[in-house]
Each structure stands twice: as C-alpha cells, then as structure tokens.
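Engineer: This is the structure I want to talk about, given as structure tokens.
Just so it is clear, none of the values below were taken in a lab; they were calculated from the coordinates. Just so it is clear, the model here is predicted, and its values are computed rather than measured. Methodologically, a virtual Cβ is constructed for each residue, glycine included, from the backbone with ideal geometry; neighbour enumeration extends over all protein chains shown.
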Amino acid sequence: MTTASLRRFARREWGPLYRTVRDALVRDTWRAIPMTLGAVCLTAVFQIVQQTSWGFQPVQDLGSVKAVDPLWLALLRTPLSLFVPALDLPVWGALAQILLVFGIAEICIGWWRTLVIGYVATLAGTTYARIGLSLGPDHPFGLPVSDRIVNDTGPSAAVVGLAVYVCWRYRAYLTGSLVILVMIGELLFKDNLAGKEHLAAIASVMLICLVRAKWGPERSRAPLGRPPAAAPPPAPPGTPPVPPPRV
C-alpha cells in the first residue's frame, strides 16, 4: 500500500470525525465538553473519597453494583456506578477513558445521547451478569458463582459502547471493528466478568445501530461529518433534455 493510498484511507476513515472534534475544540475550547469535564471531576472525587476510611462505604452505597444485589438496588446505583472507579484498576485509566471517549462522543453526538448510549451499554453489562449467573459456569455464556460478589463499577462498558456507536455514525467501520476485535481478544486472554460485560455492551449498541439504520429517521442513515453530495449544475437555457437510457 502506497503512502498516497494510506492518506486517502485515513481521510476517509477518520477525516470527518477529526474535523468535527477539531472544529469544536478550536471554536469552543473546553466549553465544547462540559458534561465530560463534569464526569471527570465526579470520578476523581469518588476516587479520593473512597480511598478514605470514612468515605469508602458511602461511595459503595451510592455506586457499587454487584449481581448479588436486588435488581431494584442495582438499577438505583447504576447511574453513579459509571463514575465510581474500579478498586483493582488505576484511576488514571478511568479518567483518561472518560476524557477521551466521552469528550469525542459529546462533541460528535451531543451530551444527552452520550449519556443515553453510555447508560444503555452499562445496563446491558449489568443485566448480562445476572443472566450469566443464572446460566451457570458450564454454559458457554455462563458465569461462575464467585462473580456474584464482584464489584461492577467503572466507565469501561460505556466507553466501549460509545466508541462503537460513534464509529458507526461517522462510518469509521474499520476502527469500530478493531474496537470489537480488541474486546474479543481481551476476553480470550482474560476470561472474566468485565470482558463478557464489554461484549454485552457492544451487542446492545450494535442493536441500537441496526434499529436506527433500519427504522430510524433519515438523518440517522446519513453519515455525520461528511458534506452532502453537490447537486449537478443546472443545464444552460435552451439545452434539450437528455433522454433516459434504453434498457
């Protein structure tokens, strides 16, 4: 593959997405992503508080989700669970994921769609955990009983779902496919609850994409960030009409 063809591919794959993000940041700077910055601050606050002796339990009560919890309690905690960093992972990873992926999504699809897609992906993972436990460890999609008490928090499922959705809306199909392949590879390398929840999040977002592409409004079917095709110039006055081609 030549350098020119690589450039053409890069412009086709990432050009519309890059221009959208660049123009928004140049025009509005940090004001382009207020929801994302709020989410980063909230995640940082939760991390600081849960590291103290007095704050750990309140944070768990507000945003800790486990499959052993009653469903109503898990649903009640889910909105904040997205911003509670996982205890076994470095917090900078969660902050970087939110800043990068949430920020791009907020610019490209708006803050409320970003939250909706993020929560759908998170809820898909939470729901799968309960289904997987009911299937049992012997089922290909099942989970071991020990996963009942795994602390299921953090933004990773939302981040994966948003990445796939934004790639679909901007027709960056190769990038979206790579995200999915990386998540499959993660599961093959480390078969755990988080990896399977990521695939459940991807499946839920792909279903949203399919529904919008098939039954959504016309604007859902047109790729974002790409200028509409230019209409042909009008024929000069007196030009005879072109006859239709013979079949």
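Engineer: In nanometres, what is the gap between the two model label sites at Lys190 and Leu6, each 7 Å from Cα along Cα-to-Cβ?
Structural biologist: 3.1
Engineer: Cross-link candidates for Lys66: which lysines have Cα within less than 21 Å, leaving aside residues fewer than 8 places away along the same chain?
Structural biologist: Lys190, Lys196
Engineer: Which listed residue (Ala96, Val116, Pro79) has the Cα farthest towards the positive end of the charge dipole for segment 17-221, taking +1 on Lys and Arg C-beta and -1 on Asp and Glu C-beta about the Cα centre?
Structural biologist: Positive-end residue among those listed: Val116.
Engineer: Continuing with this model, one more query. Of Phe56, Val45, Trp30, which is farthest along the charge dipole of segment 1-140 in the positive direction, counting Lys and Arg as +1 and Asp and Glu as -1 at C-beta?
Structural biologist: Farthest towards the positive pole: Trp30.
Engineer: Mind sorting out which of [x] 12.4; [y] 13.9; [z] 20.8 is the real mean projected area of the Cα convex hull in nm² computed from the coordinates?
Structural biologist: Label [z] holds the value from this structure.
Engineer: Take each of the peptides 83-89, 5-11, average the number of other beta-carbon atoms within 10 Å over its residues, and list them starting from the highest.
Structural biologist: Numbers: 83-89: 18.3, 5-11: 11.3.
Descending packing order for the listed peptides: 83-89, 5-11.
Engineer: Okay, next question. Grab the DSSP H runs of the chain that are 4 residues or longer, score each as -39,500 (n - 2.57), total them, divide by all residues and round the 222 nm result to the nearest 500 deg cm²/dmol. Please list the in-between numbers first.
Structural biologist: On the way: 11 runs with 159 residues, N = 247.
After summing the helix terms and dividing by the residues of the chain, the value is -21000 deg cm²/dmol.
Engineer: Could you go through segment 12-19 in sequence order and give the Karplus-derived ³J(HN,Hα) for each residue, using 6.51 cos²θ - 1.76 cosθ + 1.60 with θ = phi - 60°, rounded to whole Hz, and x for Gly and Pro?
Structural biologist: Going residue by residue, I get 6, 7, 10, x, x, 5, 4, 5 Hz, with x marking Gly and Pro.
Engineer: Another one. Would you mind getting me the FRET efficiency between Leu210 and Leu181? Use the beta-carbon distance for r and R0 = 25 Å, nearest 0.05.
Structural biologist: Working: r = 19 Å, r/R0 = 0.76.
Plugging the Cβ-Cβ distance into 1/(1 + (r/R0)^6) gives 0.85.
Engineer: Under 20 Å from the 7 Å Cα→Cβ point of Leu73, by amide nitrogen: which residues of segment 42-59?
Structural biologist: 50, 55-59
Engineer: Within 10 Å, count the other beta carbons around each residue, average over each peptide in 152-158, 120-126, and list them highest first. Please list the in-between numbers first.
Structural biologist: Numbers: 152-158: 26.9, 120-126: 24.4.
Result, highest mean first: 152-158, 120-126.
Engineer: Moving on. Measure off 7 Å from each Cα along the Cα-to-Cβ vector at Asp28 and Ala96, then give the distance between these two points in nanometres to one decimal.
Structural biologist: Here the modelled spin labels are 2.6 nm apart.
Engineer: Here is a follow-up. Each label point is 7 Å from the Cα along the Cα-to-Cβ direction; what then is the distance between the points at Phe56 and Met35, in nm?
Structural biologist: Distance between the two pseudo-spin positions: 3.4 nm.
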